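These notes concern the structure reproduced below.
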């Protein structure tokens, strides 16, 4: 194939010439962190809010939270750092839900829990 034709096809197909570096798009962070606000009510928290579990179960279940779609989640198999960062990332298991985020529990005061 002719070099000029190959170059033209690359420009049309890839939107750039040859092997030039791609600088058109800004680089986004690989992982973003979502801050989940504390909920003070007695019932289930609204979307993207959390509340502490009962004191007798807090070491095992840590906290309850809701995803962006309002599905209830318990952070049973997670670690919460003293600053409220939750590890590993939180994945909503509800059918069809796409919530999968690294989260930080705003107002977390129970210290580190594993």
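None of the figures in this text is laboratory data; all of them are computed from the coordinates on show. The structure presented is a predicted model; accordingly, all values stated were derived computationally and were not measured.
Is the C-alpha gyration tensor of segment 56-114 telling us rounded, prolate or oblate? Criteria: a/c under 1.5 is rounded; beyond that, a/b larger than b/c is prolate, otherwise oblate. Verdict is prolate for segment 56-114. The separation of segment 57-74 from segment 31-48, counted between C-alpha centres, amounts to 9 Å. In segment 39-86, inverting the average of 1/r over every pair of distinct C-alpha atoms gives 11.0 Å as the Kirkwood radius.
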